[in-house]
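Please treat every number below as a calculation from the coordinates, not as lab data. Please read these numbers as outputs of a predicted model, since none were measured by experiment. Using ideal geometry, Cβ is built from the backbone for each residue, glycine included, and neighbour counts are taken over all protein chains shown.
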Amino acid sequence: MPPRSGGGTVSADGDLPAVVAGAGPVGLAAALALRRLGHEVIVLEAEPRERPRAGSRAIYVHGATLRLLEGVSPGLGHAMAERGVVWSGKRTFWKGRQIYGRHYAPPAPGRLPHFTSLPQVVSDRLLLDACEAMRVQIAWSTPLRSLTADRDGVTVLGAGREWRARYVVGADGARSAVRQAIGVSLSGPRPRNAYVVVDVADDPSHPLPCERVFHYLHPGVGHRNVLLVPFAGGWRVDLQCRVDDDLDHLATPDGVRSWLVEVLLPGHSLDVTWVSTYRFLQVVAERFTDEHRRVLLAGEAAHLFAPFGARGMNSGIADAVAAARAIHLALQEGDPQSRRRVIDGLSGDRRASALYNRDAAGKALRHMQASDPWIRVTRAVAARLARRSCRVGAWMDSAPYGPRRGRVGMTSAKY
Ligand SMILES: Cc1cc2nc3c(=O)[nH]c(=O)nc-3n(C[C@H](O)[C@H](O)[C@H](O)COP(=O)(O)OP(=O)(O)OC[C@H]3O[C@@H](n4cnc5c(N)ncnc54)[C@H](O)[C@@H]3O)c2cc1C
């Protein structure tokens, strides 16, 4: 349903149907989905409009996410696909020797590809353009400070102003003020291993094949694992550190160059555009809603996963679209119990997806870290067999991203 020209529905008592906290990809997707369903929405964003957002971050956008975005804003999925790249293949190495390789046919013209790879700053910009085209109101430099939910709606305070809404979507990221206001905490493992994550600009004089490459135990970098992922304009290189590594050194400009030169083609420029170090949390909110079923958490406000398998933004956008649909259905329900059931159904389903994704990302992490001797032996045997068995090679290739099949919207993990 297209949005109404005047900005959509507002209830008879003047309450907004929804306030969204956070103009990250998840908050913007929630706002688009609400507008598409005909509802007025205001997005409160803590930062100013022209904020710098560094790094490639969520580069891998699943086909399912492109289709969801195309559904909430026609043309948006295609615009993302046009700005991204689809790799021509993928290869996996064990101690410097290739054990698996696969080529992809180019995507069919005019159809959404099964994934695209582009810097998050570009997808954020396209989401913002789509929001502006659909006249979503965004209050920049307006952090949500507090909220109070009751059985009829939510009162939101931010930057000296107050809003009253029927529902709030908390998409305000990992340190979510919304999550804190409803008294929900995140729980789950916090692995000790760290990663150095580097963006390197394309070098037109030494073009690399547009392939995702994973190295188990790369001999040039002290037998650490390395993942190279192409995106439009560059490469993302993830180095898996050891627990006792000196991160301060590995992530300095000299430290980065010392290992990067070993994993790129000889002569490729070392034009590093972003360096970061991460300890990836594996945590999920205890609940995705409040006691009155008026607040819904989405994206990193609700869950944090290791990025292997690209589950973060992809599942966050699925949360956002599901939250918008649940709000749309609940707004049409006259009976309070039915409204609660709609919100409970949605939040329970998205939490189950988040737990699945957390476990799948955890499985991928355990496989890569191999601190368990059984995993170490299995990997070494499989690396040997991969030369003769394509199936074993395919398993070694896919294991660093976790299981792929699962519930709708939980993102099929496939780099
Ligand atoms: C190295 C790395 C690689 C990644 N790779 C991938 C990948 O390939 N694919 C993938 O799917 N995901 C990936 N991710 C994860 C992805 O970046 C995140 O899941 C995604 O950005 C989360 O979006 P979000 O909108 O939930 O949160 P954010 O992007 O953090 O947005 C939250 C917004 O809320 C605002 N805000 C905060 N507090 C308030 C407040 N009180 N009031 C109002 N606004 C507020 C913030 O300013 C921000 O704009 C990766 C992450 C990292 C770190």
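Rounded to the nearest 10 degrees, the angle from helix 336-369 to the longest Cα principal axis of the chain is 10 degrees. As a test, work out the antiparallel percent of DSSP beta bridges whose residues both lie in the chain, rounded to the nearest 5. Beta bridges within the chain, antiparallel portion: roughly 70 percent.
Shape analysis of the stretch 8-160 yields a ratio of the Cα radius of gyration to the Kirkwood radius, Rg/Rh, of 1.10. Helix 373-385 and the longest principal axis of the Cα set of the chain meet at an angle near 60°.
As a rough footprinting exposure proxy, the listed residues 243, 342, 156 were ranked by other beta carbons within 10 Å of their own, and the order from fewest upward is 243, 342, 156. Here the chain has an Rg and Dmax of 22.1, 70 Å, counting Cα atoms alone. Going from the fewest other Cβ atoms within 10 Å to the most, the residues 241, 390, 210, 131 appear in the order 390, 210, 241, 131.
Note on the stretch 213-290 and the stretch 90-130: Cα centroid distance 18 Å, given to the nearest whole angstrom.
Only DSSP H runs of four or more residues enter the estimate; each adds -39500 (n - 2.57), and after division by the residues of the chain the mean residue ellipticity at 222 nm equals -10500 deg cm²/dmol.
Relative to the longest principal axis of the Cα atoms of the chain, helix 120-133 runs at roughly 20 degrees. When the alpha carbon gyration tensor of the stretch 264-330 is reduced to an equivalent ellipsoid, its three semi-axes come out at 36, 14, 9 angstrom, largest first. Based on alpha carbons, the Rg and Dmax found for the stretch 239-297 are 19.4, 60 Å. With the alpha-carbon atoms of the stretch 330-377 aligned to their principal axes, the span from lowest to highest coordinate is 59, 12, 9 Å, starting with the largest.
For residue 137 and residue 208, FRET efficiency with R0 = 41 Å and r from the beta-carbon atoms, rounded to 0.05? Working shown, then result.
Numbers: r = 43 Å, r/R0 = 1.05.
That gives a FRET efficiency of 0.40.
Going from the alpha-carbon gyration tensor of the stretch 118-213, what semi-axes, largest first and in whole Å, does one get by taking the root of 5 times each eigenvalue?
Working: eigenvalues 279, 97, 25 Å².
Rounded to whole Å, the semi-axes are 37, 22, 11.
Each label point was placed 7 Å from the Cα along the Cα-to-Cβ direction; for residue 86 and residue 102 their separation is 1.5 nm.
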